[in-house]
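Working notes, beginning with the structure itself.
The values are calculated or read from the model by the stated rules, or taken from the named source; none is laboratory data. This one's a predicted model, so the numbers in the text were calculated from it and none came from an experiment. When we count neighbours, we look across all protein chains shown, and the Cβ atoms used for this are built from the backbone with ideal geometry, even at glycine. For accessibility, only protein heavy atoms count, side chains too; no ligands or nucleic acids. Shrake-Rupley method; radii C 1.70, N 1.55, O 1.52, S 1.80 Å.
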Amino acid sequence: MCSSRKIMSAAPLIALSIVLILSSTLFAAGDMPPDLLEKVAKEGKKLNVYNWGYYIAEDTIPKFEQEFGVKVTYDTFESADAMMAKVQAGGGGYDVVIADNEYVQYLIRLKKLQPLNHKWLPNMKNIMDKFVNPSYDPGNTYSIPYLWGSAGFVYNTKYTKDDPNLSDTCSWAAILQGDKYAGKIGMMDSWGVSIAAALFYSGYSMNTHEKAHLMKAQEILLAQKKNVKAYGEVRKLLEAEEVYLATLWSGDSVGVSERNPAIKYCAPKEGMMLYLDNWTILKGTERPATAHLWMNYLLRAKVAANNANYVHFATTNQAALPDIDESDRNNPAVYPSEAVMKRSEFSEAFDGEQLTLREEIWEIVKAR
Amino acid sequence: MNYLERKHRFLFFLRRHQPLKICLILSPSVIWVFLFSFIPLLIMIYHSFMTKGPLGQVLHIFTLANYEKLSFLYLGVFWRSIRLAGMTTFFCFIIGYAVAYWIAIYGGRWKNLFIFLIVIPSWSSLLVRIYAWLFLFRDSGIINYLLMQSSLIDSPIPMTFNEVGVLGCLIYTYLPFMILPLYASIARLDQSVLEAALDLGASPFNRLLKVTIPLTKGGIISGVILTFIPAIGEYIIPDLVGGAKVTMMGNLIADKFLSFRNWPLGSAITTALLIIILLLIFVYAKSEKQSGLFEVQES
Amino acid sequence: MKRNIFSRLALGNKLLPIFVILVFTVTYAPLIVMMIYSFNSPGHDVQIESGYAHEYVRASEKWNGFSPVWYKRILSDKHLLRALVVSVIVTFTAVPVSIVIGTMTAFALYRFKFWGKWIFEQTLLSTLLIPEVVIGISLLLFFVGFLQIKLGIRTIFISHVAFTIPLVTLVVIARMQRMDPTLEEAAMDLGADEIATFRKVTLPLLMPAILAATLLAFPWSFNDFVISYFVAGPGSTTLPIYIYSMLKVGVSPVVNALGTVIVMFSIILVLGASLMQRLRKS
């Protein structure tokens, strides 16, 4: 009698534990809808990913491949324009491509993107509120945010002592104005960043449409050119101390500072360009389900935190916050102060005349 | 019919139809070259007349706007390309002639070895050689380091990321291409002619000017062509050594395709470059026609 | 006369050789320095088993001691190894094809006279002289704008064959011009038909030229950057393209090692093949 009672009351417990055990084995893929996994199997378990170089944790892809048995072909690009060129030229065979707020708009307008199936992306709930339903892609129809960052500049404190523009609040003036660092300045080979810098420094919005503003920016950049050692390859030059100041992406600056603590990042008081990188799926892909699988995987809290910590960019994933490195969280390079954020802007997607104007400015600056 | 008979029938047939034989042998080459060298150029010329869409796409609307844009901005780049290529050719000629002359005349048994040694580096990766050059000449490179250590200079001499650096690297890269044809030409000189010139009272310098150089004209022209023409369109060297500051035609064109997505304009610039180069090749070809690069053997 | 001989000697034996030595030095100095520094030990501990072989490490001008660590790093870089595989596949397929087609072309151009021959010759020659940027871009437009096919190993293969054929043709024809035509005639007189003549007489005579052409074509295709850069697609990054992106990011030590490997490889290849040629002759 006692035993049967015990069995009776043990039964629900046993059932519960069986359910728990079963669900825990499924837990690894528990955030993936079963119909998604089915489709993935049908699609041949392959995926072509196109991303910025050094913009993902090293173990992300191997772990993804291991968990889902999908073979990932991972290609990288060093400039957004190169990516656009390949994608515009006919996709280049990629399934998933990363694009920032500006380029997502271009891609949407060019009808190169495939709308997302949110049912296949249950981890979307992890996204921070402020990045949900962005203005450049209402409803996250085509894109999922990944990481965001800024484009300020770095300076080598060993050589920039007593520069008034590099005191507690630093200014674009240090790198754009004057001949103090003649021949020791590096600029990234990006017209977006450079023109934005000149515009911010002049007190204008980086998204201005006024020709007069843009002409002022051109003046500044032209005057600066003789002091610029090189456009592009700035990390190399910074490390070798051939340049003392250089424009640089925020995440990259953390790596540089780690190796040379004398180098610091400046989030200029006039404001700087911000960018928010997103994952998108190219239209005409043969593997939409696998692409969704990838995106959903990257939205996992742990995975997102791992990526953010590795590349030192700011995460867009709310659930990942607890796992973000202390050092990054307290680093104004990765998470700038409120004051600077107020002045900083995301880039608009220029087209037509605006784009041509800016391109011409950059051409003139580089060709003279 | 067995195999032998069939073969003979076939060959007999071919013998009668010379043109068919030629066609058969040449067809793969013609197809490949025509399809993948010639037609792409036509396509590019086509694109040069198209319009760029507002978002960087290509709209198939005919326009001459791209050629109008080849204004003074691009002329500056164009002039720089010609200037740098010209200077490269000039220096390569001076240096190259001296080296080729010495090897041909004084090289002795080791002539072939010397030429071999000069040429081998050009067979390894260009990128690696440029990198090695940069490694040596950068501000933080070995040469500047040694100079500073021995207190000869205070701060590094900038030999990279400027025109001087690009020119130096261009000479370094194209020297073998100048030396080879020069050497081939000088080596074929009749030594007795050279001796006779001296015997007749000419000074070595005069002999160089009035005898040696004119006799090696063919090699000189080949060398100049092989250096000048590719140098105009050089892309990697101004990009890596010039730090994107020294813009030559090659960079301009690549930029248009990879950075700015203005394919029509890029095509227009490329077409302009192509026309110039074809003109130069045409001039060279006409002068070569007499000496016949591709001789025909009557069979 | 004495004055002349003396001044000739002076020029020949003093200035000129020194100058030549200088030129040789400048030609090899960068490569040798790079090779030496590829064995330079880093000043600190460096992670070897890294997936990316090039994290940022400061290029040290000082000699820190001998160390092969950079070479080990190369082997642990998956992306680099993949690029190497792609390069090998492309070169080892494209070059044989272009050798065959190129030799056939050389043969036809040498033997026959036909309409459009001069144009064809000039087109072939032009392909060698036209800047690679122009070729690369025209091919990009062709594949993507016109044919609308996906870029990848296939497009790289096609492009490599296209620009190697003229090279092979040139080398083989140059040799053919120095060949004795009577040998072929003799063979035919003795009763051999065209095919047998070609196989037993012409081809063996051309072997040195074909070998030379192969020697030139392999490095040219393997090390090609510009053209491959424009027509490469996903998963088809060749080694030079990979090196270029490494150079842009700029890490010296590993590139030193990689560069050394490539240069040594090219030199050994060329030396080995020409040695083979010497042996064959004797």
ask   = Is one or more of the residues making up the range C:29-51 at pLDDT below 80, open to solvent by less than 60 Å² (accessible area, probe 1.4 Å), away from chain B (no Cβ under 12 Å) and under 30 Å from the mean Cα position of the chain (by Cα)?
value = yes
key: Top-ranked residue in the range C:245-282 [being touching a strand residue (DSSP E or B) at 6+ places or on another chain (Cβ under 8 Å) and under 22 Å from C:S67 (Cβ atoms); ranked as modelled with the highest pLDDT]   = C:N256
Among residues of the range C:94-130, those that are assigned to a loop (DSSP other than H, G, I, E, B) and either in contact with a Ser or Thr (Cβ under 9 Å, 6 or more places away or on another chain) or of a type in the set (A, V, I, L, M) (or both), counted = 2
ask   = What is the one condition in (1) farther than 24 Å from C:T155 by Cβ; (2) over 15 Å from the mean Cα position of the chain (by Cα) that A:A85 does not satisfy?
value = (1)
key: Hits in the range A:308-351 - residues which are farther than 21 Å from A:Y54 by Cβ, assigned to a loop (DSSP other than H, G, I, E, B) and small (G, A, S)   = A:S337, A:S344, A:S347, A:A349
inquiry  = Let me spell it out: the conditions are (1) surrounded by fewer than 21 Cβ atoms within 10 Å (Cβ to Cβ); (2) more than 14 Å from chain A (Cβ to nearest Cβ), and B:L175 meets all of them except one. Which number is the exception?
reply    = (1)
request  = Scan the range A:87-96 residue by residue and report those that are within 16 Å of C:T237 (Cβ to Cβ) and either modelled with pLDDT of 75 or more or more than 9 Å from chain C (Cβ to nearest Cβ) (or both).
outcome  = A:G93, A:Y94
request  = Among residues belonging to the range A:96-125 that are outside any helix (DSSP H, G or I), under 17 Å from A:G139 (Cα atoms) and of a type in the set (D, E, K, R), point out the one that is most open to solvent (accessible area, probe 1.4 Å).
outcome  = A:K111
message = I need the full set of residues from the range C:100-119 which are over 19 Å from the mean Cα position of the chain (by Cα), open to solvent by less than 30 Å² (accessible area, probe 1.4 Å), facing chain B (nearest Cβ under 7 Å) and not small (G, A, S), in order please.
response = C:T105, C:F107, C:L109, C:Y110, C:F112
task = Considering (1) touching a residue at least 24 places away in the same chain (Cβ under 8 Å); (2) open to solvent by less than 10 Å² (accessible area, probe 1.4 Å); (3) over 24 Å from A:M83 (Cα atoms), say which one A:E241 fails and leave the rest.
result = (2)
task = Looking for whichever is without any contact (Cβ under 8 Å) to a residue 60 or more places away in the chain, buried (at least 17 other Cβ atoms within 10 Å of the Cβ), closer than 30 Å to A:A80 by Cβ and more than 9 Å from chain C (Cβ to nearest Cβ) here; the options are B:A268, B:A197, B:A244. Which one fits?
result = B:A244
task = Identify all residues within the range B:115-129 that are part of a helix (DSSP H, G or I) and within 8 Å of chain C (Cβ to nearest Cβ); write none if there are none.
result = B:F116, B:L117, B:I118, B:I120, B:P121, B:W123, B:L126, B:L127, B:V128, B:R129
remark   = Checked against (1) surrounded by 13 or more Cβ atoms within 10 Å (Cβ to Cβ); (2) within 8 Å of another protein chain (Cβ to nearest Cβ); (3) free of Cβ contacts under 8 Å to residues at least 12 places away in the same chain; (4) not hydrophobic (A, V, I, L, M, F, W, C), B:S27 satisfies every condition except (2)
ask   = Of the residues that sit in the range A:56-87 and are closer than 23 Å to C:G152 by Cα and assigned to a loop (DSSP other than H, G, I, E, B), which one is most open to solvent (accessible area, probe 1.4 Å)?
value = A:E78
ask   = What are the residues in the range C:150-170 that are surrounded by fewer than 24 Cβ atoms within 10 Å (Cβ to Cβ) and more than 8 Å from every other protein chain (Cβ to nearest Cβ), if any?
value = C:I153, C:R154, C:F157, C:L167, C:L170
query = Is there a residue being under 14 Å from C:S228 (Cα atoms) and at pLDDT 80 or above anywhere in the range C:111-132?
reply = yes
key: Failed item, numbered, when A:G186 is tested on (1) more than 14 Å from chain C (Cβ to nearest Cβ); (2) within 23 Å of A:E78 (Cβ to Cβ); (3) at pLDDT 90 or above   = (1)
key: Positions within the range A:145-172 being open to solvent by less than 10 Å² (accessible area, probe 1.4 Å), in contact with a Phe, Trp or Tyr (Cβ under 7 Å, 6 or more places away or on another chain), closer than 20 Å to A:E345 by Cα and not in a loop (DSSP other than H, G, I, E, B), in sequence order   = A:P145, A:L147, A:G149, A:A151, A:G152, A:V154
task = For the range C:74-93, indicate whether the set of residues that are touching a helix residue (DSSP H, G or I) at 6+ places or on another chain (Cβ under 8 Å), at pLDDT below 85, over 30 Å from B:F91 (Cβ atoms) and open to solvent by 30 Å² or more (accessible area, probe 1.4 Å) is non-empty.
result = yes
query = With B:F34, B:F12, B:F38 as the choices, which residue is farther than 30 Å from C:L139 by Cβ and open to solvent by 80 Å² or more (accessible area, probe 1.4 Å)?
reply = B:F12
request  = Scan the range A:47-62 for residues that are free of Cβ contacts under 8 Å to residues at least 40 places away in the same chain and either of a type in the set (D, E) or farther than 23 Å from C:Y244 by Cα (or both) and jot them down.
outcome  = A:I61, A:P62
